[in-house]
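These notes concern the structure reproduced below.
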Amino acid sequence: MSAATGLIYARPLRASALLSSMKVAMLESDLPSRLLLLGAVPPEFEAALATAGCSTRICSTRHSLVQDALESSAQALLLWPASGPELWPAAGHDQQAELDDWLTALELQRQALPALPVLPGICIARASSTAQQQRGFKLGLQVWLAQAPASVPELLQQLRWAGWQTARLGSLQTQLDERRWTDRAKGLLMTGQNLDEAAAYQLLRETAMHAHLRLGEVARSVVQAAQQAEALNLAGQQRMLSQRLVKLLAQRAAAIEPRRAKVLQDESCARVDANLARLRVLLTATTAAQAWPLAAVEAAWLSLRALLVGKVSAAVLTQADAAAEALLALSEQLASAIETGSGPGGRPLRLVNLCGRQRMLSQRLAKDALLADLLPGFDAARIAQGLSGFEAGLAELEAAPLSSPEIRASLDAVRAEWLRLLRSLRDVQGPEAAAGLARSSESLLTHLDGLTARYQQSLQIVLG
């Protein structure tokens, strides 16, 4: 601690080279001209700052911090947790508790306005713990004073030091973040493309050089693209599961392997819950346009789930089908919002979305065939619509230029299973045909799951 100012240094200074570079950086940096004053800065200091050419904005209450930070365009912070006009609080006042409140307010402000840069700052507090200083360092408070500076120039010099230290720590944090993103991107490429670590790293480096970007920027884009593809896959699964659950409910009503249908129904319910939990994580940082359909999907799922327990009747099947259609529509909105968020280069994600829609149609066809036999007056035209829709989607996937030998093999397997399903429909009619379609739909779903996973993991997805 400096005897003259009571300065508590944010970091130990050990090398003369560091001191020299610090002095040069401080001399070359501009003085902060816009300050955000937190707490109870003495009026004489506020007036002296104005005389020195600093524009100030006082934030005297923690509740207005977010608005003041947004509107002030401040370049630095001065936190002075004192009460009243006196320099130090009166006896009995818990300054550490007040300091904790201000630090909490700053943390909430960072959460509310993550796009704003971290501002360098000074905290003037006679009583502060090591834990409080560590919290403050993360918020930009790089200088802690146990007593007031002797003059405004000295205060501004300390702010210069805080700015240099914040920039230095920000650079180190950027390097650390880039290393983390790079490690995550390498892992994705190693898993999805069957590469070793060296080859995955070389691929990232070459991509960065060709795109004239930093390695960390490319790595972050790879991870985000993979997360977006995963989110789209999961949203597509919700469409499929909405139809599969009613298909399995109808199988139980028609006594088509009812025990197995019940097991698959319970597994599908657990899968919906797991998908929604993962989607909440993946979509946390997305726009409101992508986030609001998720809440609606969750509400629609609760409505459908309530109909899946107990005895199955025609009335229950009718209600469950309506609830499944509502869940399907909302899941479609969610998937479309995620695909739209991929921007103009989202052609690969469209293939993930389209493949996911094929999964849904495979289950909807079987569901509609079963309901046509179980529910009087059911619109059997939906089956013909589903057949034509599936054929059109499969043809688009087969014609897509983004492919690989593994994807082509999966497409061939899907086509072969689809033809078997069509032959079954042509050769057999009535309840027996519906039962065969229900079984074939499960085999088709397995192939489509594998195809969707290959699209999700493809190199075009993560680097396109």
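The values are calculated or read from the model by the stated rules, or taken from the named source; none is laboratory data. Given the structure is predicted, the values throughout are model-derived calculations rather than measurements. Here Cβ is always computed from backbone atoms with ideal geometry, including for glycine, and neighbour counts include all displayed protein chains. Note: accessible area is taken over every heavy atom of the protein model, side chains too, but ligands, DNA and RNA are not part of it. Shrake-Rupley method; radii C 1.70, N 1.55, O 1.52, S 1.80 Å.
Is it the case that some residue within the range 388-400 is in a helix (DSSP H, G or I), under 22 Å from Arg239 (Cα atoms), modelled with pLDDT under 85 and within 32 Å of the chain's Cα centre (by Cα)? Within the range 388-400, none of the residues are in a helix (DSSP H, G or I), under 22 Å from Arg239 (Cα atoms), modelled with pLDDT under 85 and within 32 Å of the chain's Cα centre (by Cα). Quick one: Val263 ticks every box in (1) closer than 13 Å to Glu298 by Cα; (2) open to solvent by 30 Å² or more (accessible area, probe 1.4 Å) bar one, so which box is it? That leaves (1) as the condition not met. So how many residues does the range 44-62 have that are touching a residue at least 24 places away in the same chain (Cβ under 8 Å) and either over 15 Å from Gln75 (Cα atoms) or open to solvent by 70 Å² or more (accessible area, probe 1.4 Å) (or both)? Total satisfying the criteria: 5. Number of residues in the range 114-127 that are out of contact with any helix residue (DSSP H, G or I) (no Cβ under 6 Å at 6 or more places or on another chain) and assigned to a loop (DSSP other than H, G, I, E, B): the value is 7.
Scanning the range 39-61 for residues that are part of a helix (DSSP H, G or I) and closer than 16 Å to Leu119 by Cβ yields a single hit, Leu49.
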